[in-house]
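To keep things clear, I will list the structure first and then write my remarks on it.
The values are calculated or read from the model by the stated rules, or taken from the named source; none is laboratory data. These numbers were taken from a predicted model, which means no experiment stands behind them. For neighbour counting, all protein chains shown are included, and Cβ atoms are generated from backbone atoms with ideal geometry for every residue, glycine included.
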Amino acid sequence: MSATRAAAPARRTAAESPRTGRTVPTLLRHLAVAAVAGVVVLAISYQLDSFRNFQLATVAAYLCATAGLTVLTGLCGQLSLGHGALMATGAYTVALCQNAFADRGVTAGGVLVLSLATAVLATVAVGAVVGVAAARLRGPYLAGLTLAVAVVVPALTVTFDGVFNGEQGLAVPVAPAPAALGFYFPYERWQLWVVTAATLLCLVLLANLVRSRYGRAFRAVRDDEVAARLAGIHVARTQVIAFVVSAGSAGLGGALLAMLAQSVSPGAFGLTLSLFLLMAVVIGGLGRLAGAVWGAVLLVALPDLTHTLTDLFTLSPAAAQRLEGNLPLAIFGGTLIVVMIAAPGGVQGLLSRLAGSLRVRWRRRRS
Amino acid sequence: MDRFLFLTLDGLSRGAVYAAFALALVLIWRAGRIVNFAQGAMAVAAAYVAYSVTAATGSYWLGFVAALVAGLLLGAVVDVAVMRLVDHRSPLNPVIVALGLVLLIHAVLGMVYGNEYLPAQTPFSRTALTVGGLAVLSPYDLFVFATVGVVGAALVWIFTRTAIGLRMRAAAFAPEVSRLLGVNVSGMLTLGWALASGVGALAGMLVIPTELGLHPHAMDLVFVSAFTAAVVGGLDSPPGAVVGGLGVGLLLSYVSGYAGGDLIPLAVLALLLAVLLLRPGGLFAPVTARRV
């Protein structure tokens with residue numbers, strides 16, 4: 001468990017800090033951070049053009065999934081290669097719900113909340129099934145099972161194409177921005193607001209969970225199952241809870257992504273997405289929610305960067321297309337290998353180490 | 001009854017390939033306690049090498065040999081350049097690194113050859129021969145059986161009859177003692193990776209023409225099926241991998257013959273889930289007490 005263990009040294013939270021002696025309730029602290037983040041995003045959304053707003057919203061949607069995966073893999077030590085499939089579950093549920101509402105003539109914006117909640121519930125149900133199986137498995141067996149889920153679930157959309165419409169996928173009808181915001185209000189800005197609200201809610205819940213009794217149980221199970229069992233922790237139940245929570249977050253992420261793209265198709269949720277998510281979490285830094293933020297940013301920024309990079313060279317259209325589709329994958333794969341070998345703590349681990357050494361130097365200078 | 005016979009023979013032919021691929025997984029698992037999740041991607045890479053060589057020379061057999069050599073080399077390179085540097089104290093680390101390799105290999109293949117299906121040749125006809133009015137095996141199926149049989153026999157011979165095989169087994173079971181006795185343990189591990197990757201490349205060469213064709217993702221489902229086969233056999237046992245491979249091949253053949261080819265992925269998942277929940281150690285493992 002060295003990677004995960006190294007990635008999450010026992011850090012004192014501000015609430016337990018012995019220096020201040022005061023304790024700020026964890027929930028309040030997380031809500032404050034979320035409120036600040038919300039205001040910042042609100043302010044930024046007015047500065048950016050539509051495309052950047054859309055990209056930021058995509059980051060937020062991915063953030064749900066990467067944060068969920070961080071809780072599972074980083075904190076509870078369970079590897080899941082199937083989170084792309086769980087995102088697909090959320091995305092297809094939201095598509096089916098929105099279509100059902102649209103068929104019955106219900107087009108109010110509020111039904112989206114209902115659809116998103118249904119998507120989370122459906123993914124939680126799927127996650128519970130996989131999680132119960134996963135709790136009995138270790139290491140490569142768990143990875144193999146979740147890999148099978150990642151490969152098989154997108155194929156099911158073709159098997160049952162009566163419901164899921166095969167490779168074509170489904171359209172997701174979404175209500176336009178409220179009229180109160182004005183006629184010329186950019187739709188992407190409204191999307192960003194909705195997605196940010198959902199993501200912040202998800203993150204606050206996850207952050208609280210991580211700091212709670214359950215979060216401590218997750219870490220105990222990750223570090224030593226026998227010791228955790230001796231300390232009175234029900235190992236299997238803890239692992240199932242972690243899986244279910246993580247699945248719910250992934251489902252919300254998938255649902256938000258479907259809402260953003262206004263369509264779902266199996267191609268978007270293949271094995272590559274599952275591997276991308278894992279990669280993002282590992283590169284960002286396993287075991288910290290802040291690492292999940294880096295990972296989500298990377299997921300959106302890297303394809304964009306490679307696009308700019310390939311534009312610099314004059315290539316034949318066919319070669320450019322090949323390069324553009326595959327270069328992000330190559331960079332991701334290569335980076336993942338290098339990070340695992342050289343810096344198992346990921347970006348956030350490097351940042352913490354940097355901050356730690358700066359703090360030490362500063363203290364030395366003062367004394 | 002005719003149909004049943006045909007499906008059985010077809011399933012055995014398919015299963016022989018799964019058995020070979022599962023054997024490759026078992027080889028690395030026994031040598032280094034790593035499930036090589038990049039095995040499928042590595043096999044596809046070797047198959048692309050064969051495609052290039054065949055396209056350049058016009059000879060299937062030169063391509064076939066090139067794929068085997070590429071597989072052996074790729075396995076050795078992966079071990080020396082990547083896996084040896086990974087911290088193995090956590091079982092998660094090698095798995096994550098292997099997945100990074102999967103992405104890297106898929107991306108490089110996509111960049112060089114494009115993400116379209118390329119046609120894959122077979123050296124023999126795939127139309128079934130008829131014996132007494134019954135459609136039985138095609139010449140290609142016979143070729144598959146013969147190749148897998150030869151490879152299996154060669155592996156048995158290497159591991160039980162040769163000095164190098166003895167060293168490989170010793171290095172896997174007691175690395176410290178073997179090192180004291182003068183065995184080059186890390187060299188043996190690299191050799192194990194090379195052998196396994198070569199067997200995987202062979203399985204890839206055999207299975208890709210029977211599917212949709214050559215594609216960077218061509219081995220994804222084959223990998224999952226072969227992993228299932230290896231788990232059915234218990235991951236640790238080469239005979240188990242062979243029996244598991246044949247069993248999985250038969251099951252998938254019956255499912256696609258009687259219920260429709262679309263259900264194959266679902267059947268693989270159901271089988272894997274069932275085996276992992278009912279007998280996680282595989283059908284051939286002795287019963288052991290669970291640790292927690």
The range B:70-105, subset touching a Ser or Thr at 6+ places or on another chain (Cβ under 6 Å) and within 7 Å of chain A (Cβ to nearest Cβ), residue surrounded by the fewest Cβ atoms within 10 Å (Cβ to Cβ): B:R89
Evaluate the following for A:L112: is it farther than 23 Å from A:L81 by Cα, aliphatic (A, V, I, L, M), crowded, with 18+ Cβ neighbours inside 10 Å and touching a residue at least 24 places away in the same chain (Cβ under 8 Å)? yes
Considering only the range A:275-291, how many residues are in a helix (DSSP H, G or I) and surrounded by 24 or more Cβ atoms within 10 Å (Cβ to Cβ)? 11
Considering the range B:113-140, residues that are among the β-branched types (V, I, T) and in contact with a helix residue (DSSP H, G or I) (Cβ under 7 Å, 6 or more places away or on another chain), and then whichever is nearest to B:W61 (Cα to Cα), we arrive at B:T122
Which one of the conditions (1) in contact with a Ser or Thr (Cβ under 8 Å, 6 or more places away or on another chain); (2) within 14 Å of chain A (Cβ to nearest Cβ); (3) of a type outside the set (S, T, N, Q) does B:D141 fail to meet, given that it meets all the rest? (2)
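Run down A:F313, A:F276, A:F332 and say which single residue is of a type outside the set (D, E), within 14 Å of chain B (Cβ to nearest Cβ) and touching a residue at least 60 places away in the same chain (Cβ under 8 Å).
Details: A:F313 fails: touching a residue at least 60 places away in the same chain (Cβ under 8 Å); A:F332 fails: touching a residue at least 60 places away in the same chain (Cβ under 8 Å).
One residue alone meets the criteria, A:F276.
So which helices (runs of 4 or more DSSP H) are wholly in the range A:1-88 and hold at least 1 residues that are at pLDDT 85 or above and within 14 Å of chain B (Cβ to nearest Cβ)? Full working, then the answer.
Working: elements: A:2-7, A:26-47, A:50-69.
In the range A:1-88, the matching helices (runs of 4 or more DSSP H) lie at A:50-69.
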When restricted to B:M188, B:M205, the only residue farther than 29 Å from A:V132 by Cα, buried (at least 16 other Cβ atoms within 10 Å of the Cβ), under 13 Å from the mean Cα position of the chain (by Cα) and of a type in the set (A, V, I, L, M) is B:M205
Find the residue count for the range A:42-65, including only residues that are surrounded by 14 or more Cβ atoms within 10 Å (Cβ to Cβ), touching a helix residue (DSSP H, G or I) at 6+ places or on another chain (Cβ under 6 Å) and within 10 Å of A:P186 (Cβ to Cβ). 3
I'm trying to understand the selection: among the residues of the range A:157-172, which are more than 23 Å from the chain's Cα centre (by Cα) and either within 12 Å of chain B (Cβ to nearest Cβ) or assigned to a helix (DSSP H, G or I) (or both)? A:V158, A:T159, A:F160, A:D161, A:G162, A:V163, A:F164, A:G166, A:E167, A:Q168
Among (1) exposed (fewer than 14 other Cβ atoms within 10 Å of the Cβ); (2) within 14 Å of chain B (Cβ to nearest Cβ) - the single one A:T308 does not satisfy: (2)
Name the residue that is nearest to the other protein chains (Cβ to nearest Cβ), counting only residues in the range B:106-121 that are at pLDDT below 85 and in contact with a Pro (Cβ under 8 Å, 6 or more places away or on another chain). B:N115
Kindly indicate which of A:L323, A:L298 is touching a helix residue (DSSP H, G or I) at 6+ places or on another chain (Cβ under 6 Å) and surrounded by fewer than 23 Cβ atoms within 10 Å (Cβ to Cβ). A:L323
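Out of A:T272, A:T196, which single residue is assigned to a helix (DSSP H, G or I), of a type in the set (S, T, N, Q) and at pLDDT below 90?
On the way: A:T196 fails: at pLDDT below 90.
Only one candidate passes the filter, namely A:T272.
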State all residues of the range B:213-270 that are within 9 Å of chain A (Cβ to nearest Cβ), more than 21 Å from B:I28 (Cβ to Cβ) and part of a loop (DSSP other than H, G, I, E, B); if no residue qualifies, say none. B:P216, B:H217, B:G260
